[in-house]
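Only one structure is covered here, and it is reproduced in the block below.
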2 protein chains.
Amino acid sequence: MKKPIAIQGIKGSFHHLVVQNYFNIDSEVVECMSFDGVVNSLLENKTDEVVMALENSIAGSIIPNYALIDNYNLSIVGEYYLGIEHCLMALNGQTIEDIEEVHSHPMALLQCKVFFKNYPHIKLVEAKDTADVAKQISEKNMKGIAAIASKNAAELYGINLLAESIQTIKHNETRFVIVKRDNSQKDISTINKASLKFELDHKRGSLAAILNVLSDCKLNLTKIQSLPKIETPWKYAFFVDVTFEAYKDYEKAVSILNLMAENFKILGEYKNARR
Amino acid sequence: MKKPIAIQGIKGSFHHLVVQNYFNIDSEVVECMSFDGVVNSLLENKTDEVVMALENSIAGSIIPNYALIDNYNLSIVGEYYLGIEHCLMALNGQTIEDIEEVHSHPMALLQCKVFFKNYPHIKLVEAKDTADVAKQISEKNMKGIAAIASKNAAELYGINLLAESIQTIKHNETRFVIVKRDNSQKDISTINKASLKFELDHKRGSLAAILNVLSDCKLNLTKIQSLPKIETPWKYAFFVDVTFEAYKDYEKAVSILNLMAENFKILGEYKNARR
């Protein structure tokens, strides 16, 4: 029997939306209140697949999630891009003038702060999960409090939309990845994207040499991010995503990178969700 | 007369520590409760220099701060690396067993969460500023609440250290930058680092070509970060930091990059703080 899929947050959260879109509208989920909890469910075999946000068009990479995947040697087996539409919601009968506080995840508050410049009487308060606030408002009949969450959360918990699409940058996209303990069941015929990690010394041209190899092997770079290795001065770790047409081109690049870069590691091979 | 320097947070915060180390122990500061507030003080000529955290060894780049510098065409004129030592502090007479809640900035909570696994009775609560919690505890005589903040904050607000250096990763470094409205008074003889931004099409080898130019001009890469331009599919923006020995080598690279890359922009030229 298929195990449930772990998500950060509760039903109605953006992670839940990704599960419904990527897997199945009726997929069962395990609700976790932290990304550590999500990973633990995988390590303890309570789940076989989990969904994690990995980067956002406004806030950039979520480095702690990269670290979780890397440190526990997990595998990215798929990706999904979700356009984030933040909605403002409160108990039925409440208007925006009745709202004294808006509670939501810090990222959601950040993404919507311009909207609230017109409502200086509203205080923004950080909460653990977007959908959980909607649930609390509904269950505890909380007046004067609004949530920023997905439209689905409003429907699921039976509260009322006060405003839709209130994020400052209208096209606000988050990239989620599907993560397993390992990628042993991969289907090479569908794979055209990979996430790689390697380390380089701070030597002039060392990264250029690696990128030349990727280019020579017909790989396209879709993301690059350096992180200094704080414990080792002048050493850098790079997280790179590449896309390719032919798996054998990618295999060739991997065999060269294994020789050229230190601690080369494949974080995942999967199907590009952008095509 | 020299204007005060704007910081995010209040006296005793890590931003304040940077001002004391980079400028002068007695430098006057303007306490702002957001990075937008910091930038506004500069735009409104209330300050001539501000300090902003830009990246952290654990959480990575603070992309919204890059966006503030970029969007308002500000200039980075200096940098400072601060080793972050988080301390736990509470009213005199309180022990860790008395503490029910720890309030701090989300980043500080994230960096110390392993420490609190041994204290499951303590609830972690997000707050706006590390030092501000220490101040509130002192002023309002709050029992049962502890702050995570710098040792300086404990001294400044007269509360007691319960534990020192409680961050999970002991070497936890944050890079701060000094930002001005423009860099018109630069002294070329001291400049050996620059922060650059440019855009490239998603074409195989386009980034490798740029990095080859940097390498040919004897520039070292100390940071690279790609960000997809969400409004323009297949277009990427790159934030790059380079160091160099000779300013003329850098000038040569700049003149080539101006021709090769789209929307090439210098975000700052300054003295490398790593030497």
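Laboratory data are not the source of any read-out in this text; all were calculated from the coordinates shown. Because the structure is predicted, anything quoted here is derived from the model rather than measured. Counting neighbours? That spans all protein chains shown, and the Cβs are built from the backbone with ideal geometry, glycine included.
Taking a point 7 Å from the Cα of A:Lys229 along the Cα-to-Cβ direction, the residues of segment A:55-94 with backbone N closer than 20 Å to it are A:63-74.
Among A:Lys46, A:Lys180, B:Lys151, which comes first, then next, by fewest other beta-carbon atoms within 10 Å? If I rank by nearby Cβ atoms, fewest first, I get A:Lys46, B:Lys151, A:Lys180.
Comment: the Cα-to-Cβ extended label point of B:Leu259, at 7 Å, lies 3.5 nm from its counterparts in the other copies, nearest first.
P(r) for segment B:126-275, from all Cα pairs and a bin width of 10 Å, is 9, 29, 20, 19, 16, 7, 0 %, short bins first. Per-residue Cβ neighbour counts within 10 Å put A:Leu110, A:Leu207 in the sequence A:Leu110, A:Leu207, beginning with the fewest. Checking every one of the GluC sites (Glu not before Pro) in segment B:238-274 against DSSP loop status and a limit of 12 other Cβ atoms within 10 Å picks out B:Glu245. Starting from the Cα of A:Ile25, step 7 Å toward the Cβ, then list every residue of segment A:138-165 with an amide N under 20 Å from that point. Residues A:150-159 qualify, since their backbone N sits under 20 Å from the label point. Maximal additional length on extending the A:Tyr81-A:Lys128 stretch stands at 14.7 nm, based on 0.36 nm per residue less the C-alpha distance.
In the calculated pair-distance distribution of segment A:87-163, the portion above 20 angstrom amounts to 17 percent of the Cα-Cα pairs.
Under 12 Å of direct C-alpha separation, and excluding same-chain neighbours fewer than eight residues apart, B:Lys229 reaches these aspartates and glutamates: A:Glu173, B:Glu199, B:Asp201. Distances between copies of A:Ser34, taken at a point 7 Å out from Cα along the Cα→Cβ vector and listed shortest first: 2.8 nm.
The distance from the alpha carbon centre of segment B:4-72 to that of segment A:95-155 is 28 Å, rounded to a whole number. For the rotational copy relationship between B and A, the axis lies nearest to a chain B beta carbon, identified with its distance in whole angstrom as B:Glu126, 2. For B:Ala273 and B:Asn160, what is the calculated FRET efficiency with R₀ set at 45 Å and r taken between the beta-carbons, to the nearest 0.05? For B:Ala273 and B:Asn160, the calculated efficiency is 0.85. Based on Cα atoms of the protein assembly as shown, Rg over Rh with Rh as the Kirkwood radius reads 0.96. If I build a Gaussian network model for chain A, linking alpha-carbon pairs within less than 10 angstrom, which residue out of A:Ala149, A:Ala246, A:Ala131 has the largest mean-square fluctuation? Looking only at A:Ala149, A:Ala246, A:Ala131, the largest GNM fluctuation is found for A:Ala246.
Residues of segment B:18-56 with the amide nitrogen closer than 13 Å to a label point 7 Å from the Cα of B:Lys265, along Cα-to-Cβ, please. Under 13 Å, as judged by backbone N against the label point of B:Lys265, lies no residue of segment B:18-56. For B:Asn21, the label point sits 7 Å beyond Cα toward Cβ; its separations from the matching points on the remaining copies run 4.2 nm, from shortest to longest. Pairs of lysines in segment A:87-163 whose Cα atoms sit within less than 21 Å of one another amount to 13, provided the residues are eight or more positions apart or on different chains.
Under the shape rule built on the C-alpha gyration tensor, where the axes satisfy a ≥ b ≥ c, segment A:193-242 is oblate, since a/c reaches at least 1.5 while a/b does not exceed b/c.
Pairwise alpha-carbon distances in chain B exceed 28 Å for 43% of all pairs.
Site pair B:Lys46 and A:Asp98 shows an inter-label distance of 3.6 nm when each label is modelled 7 Å from Cα along Cα→Cβ. Simple spin-label estimate for A:Lys143 and B:Arg204 gives 6.6 nm between the two label positions (7 Å along the Cα-to-Cβ direction from each Cα).
Comparing mean-square fluctuations of B:Gly93, B:Gly144, B:Gly83 from a GNM of chain B with C-alpha springs under 10 Å, the top value falls on B:Gly93. Largest GNM mean-square fluctuation across A:Lys11, A:Lys123, A:Lys197, computed for chain A with C-alpha springs under 10 Å, falls on A:Lys123. The lysines within cross-link reach of A:Lys186, meaning a Cα-to-Cα straight distance under 26 Å and a gap of 8 or more places when in the same chain, are A:Lys2, A:Lys3, A:Lys46, A:Lys197, A:Lys218, A:Lys223, A:Lys248, A:Lys252, A:Lys265, A:Lys271.
Only DSSP H runs of four or more residues enter the estimate; each adds -39500 (n - 2.57), and after division by the residues of chain A the mean residue ellipticity at 222 nm equals -8000 deg cm²/dmol. Partner shielding of A:52-58 amounts to 2, given as the average count of beta-carbon atoms from other chains within 10 Å of each residue beta-carbon.
Shown here for segment B:1-105: GluC sites (Glu not before Pro) in loop regions (DSSP other than H, G, I, E, B) with at most 10 other Cβ atoms within 10 Å, namely B:Glu44.
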